[in-house]
1. Quick check: anything in the range 83-90 touching a helix residue (DSSP H, G or I) at 6+ places or on another chain (Cβ under 7 Å) and open to solvent by less than 10 Å² (accessible area, probe 1.4 Å)?
2. Is there any pair linking a residue in the range 179-199 that is under 13 Å from residue 27 (Cβ atoms) to one that is of a type in the set (D, E, K, R), with Cβ under 9 Å and at least six apart or on different chains, and which?
3. Restricting the range 10-19 to residues that are free of Cβ contacts under 8 Å to residues at least 12 places away in the same chain and in a helix (DSSP H, G or I), which is most open to solvent (accessible area, probe 1.4 Å)?
4. Has the range 52-75 got at least one residue that is more than 27 Å from residue 200 (Cβ to Cβ), surrounded by fewer than 14 Cβ atoms within 10 Å (Cβ to Cβ) and touching a Pro at 6+ places or on another chain (Cβ under 7 Å)?
5. Looking at the range 20-38, which of the residues that are within 19 Å of the chain's Cα centre (by Cα) and open to solvent by 50 Å² or more (accessible area, probe 1.4 Å) is nearest to residue 7 (Cα to Cα)?
6. Mind checking which residues of the range 150-173 are touching a residue at least 40 places away in the same chain (Cβ under 8 Å) and among the small types (Gly, Ala, Ser)?
7. Where the second residue is outside any loop (DSSP other than H, G, I, E, B) and open to solvent by less than 80 Å² (accessible area, probe 1.4 Å) and the first is among the hydroxyl-bearing types (Ser, Thr, Tyr) and lies in the range 110-122, which pairs have Cβ atoms under 7 Å and are six or more apart or on separate chains?
8. Output the residues belonging to the range 66-78 that are assigned to a helix (DSSP H, G or I) and either charged (D, E, K, R) or touching a helix residue (DSSP H, G or I) at 6+ places or on another chain (Cβ under 8 Å) (or both).
Amino acid sequence: MNLFLDALNFLFDPANLTGANGIVPRLVDHVWYTGLSMAVAIVIGIPLGLLVGHTGRGRNAVVALSSAARALPTLGLIFLIILYTGLGVGPLIVVLVILAVPPLLAGAYSGLEAVNRPTIDAARAIGMTEWQILLKVEIPLAMPLIFGGIRSATLQVIATATIAGYVGLTGLGRFLIEGLALRDYKLALAGAILVIALALCVDAILALAQRLVVPHGVARGLTRHPDESAAPTPRQHGRVSTAPSNP
């Protein structure tokens with residue numbers, strides 16, 4: 001308990017907020033690493049996932065590639081890249097992008113695959129082009145799973161970006177590394193609390209954004225009880241049969 005209180009005292013001490021090694025500059029760097037990595041990963045992963053989900057081609061290759069990318073050790077991979085490129089932000093961004101692409105891919109193509117096939121057939125039957133089907137039918141219906149992949153990838157990147165401190169960069173991971181190296185466990189715990197708090201805040205923001213982005217009808221359909229569609233409407237309750245009765 002004393003260690004936890006010491007960590008909280010460190011976090012709320014105004015002297016630790018600013019400066020070269022303060023909480024705010026390192027928090028900004030951590031958010032910058034995360035945002036840049038997610039932007040690159042979204043540009044790569046979402047269009048590829050939509051292509052696979054819409055056409056059905058290359059699904060097995062994408063699934064195998066995603067599984068292999070998730071199995072890569074991030075710390076070992078970043079050290080391997082540094083051996084060839086040197087220190088800098090580039091190796092970190094490459095590793096975080098590799099980590100973020102698989103959940104984005106999975107969310108995009110599984111979201112499109114989950115769309116009801118008769119709905120797509122009906123869209124083709126009324127003369128919609130493939131682009132119109134993708135943009136106006138498939139993507140809106142798949143948006144919950146697509147956004148779920150974005151949330152999952154973002155949280156993984158936030159957690160993994162702590163390894164930036166191992167390669168001479170800043171970020172919230174520096175508190176963890178410095179605390180463990182100096183056996184200052186108060187500092188290490190403060191760093192862990194900051195990473196957890198950042199992940200929770202970002203997830204809450206993305207959850208709110210998901211409610212705004214997902215079409216209301218789609219969200220309502222996801223939360224509707226399965227038996228609700230079978231329930232009679234109010235007009236059916238009061239409807240009087242006009243069919244002649246048998247004598």
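The values are calculated or read from the model by the stated rules, or taken from the named source; none is laboratory data. Note that the coordinates shown come from a computational prediction; the quantities given were computed from them, not determined experimentally. Quick reminder, even Gly has a Cβ in these numbers, built from the backbone with ideal geometry, and neighbours come from all protein chains shown. Accessible surface is based on the protein model in full, side chains and every heavy atom, while ligands, DNA and RNA are left aside. Shrake-Rupley method; radii C 1.70, N 1.55, O 1.52, S 1.80 Å.
1. Restricting attention to the range 83-90, the residues satisfying the condition of being touching a helix residue (DSSP H, G or I) at 6+ places or on another chain (Cβ under 7 Å) are 85, 87.
Next cut, open to solvent by less than 10 Å² (accessible area, probe 1.4 Å) only: none.
Among the residues of the range 83-90, not one is touching a helix residue (DSSP H, G or I) at 6+ places or on another chain (Cβ under 7 Å) and open to solvent by less than 10 Å² (accessible area, probe 1.4 Å), which makes the answer no.
2. Within 9 Å, the pairs are 190/6; 191/26; 191/174; 191/178; 194/26.
3. 14
4. No: the range 52-75 contains no residue that is more than 27 Å from residue 200 (Cβ to Cβ), surrounded by fewer than 14 Cβ atoms within 10 Å (Cβ to Cβ) and touching a Pro at 6+ places or on another chain (Cβ under 7 Å).
5. Kept after step one, since they are within 19 Å of the chain's Cα centre (by Cα), are these residues of the range 20-38: 30-38.
Narrowing the set further to residues that are open to solvent by 50 Å² or more (accessible area, probe 1.4 Å) leaves 31-32, 36.
Details: 31: 21, 32: 24, 36: 29 Å.
The residue in question is 31.
6. 152, 153, 159, 161, 164, 168, 171, 173
7. From residues that are among the hydroxyl-bearing types (Ser, Thr, Tyr), the pairs are 119/137.
8. Step one: filter the range 66-78 for residues assigned to a helix (DSSP H, G or I), giving 66-70, 74-78.
Across the range 66-78, the qualifying residues are 66, 67, 69, 70, 74, 75, 77, 78.
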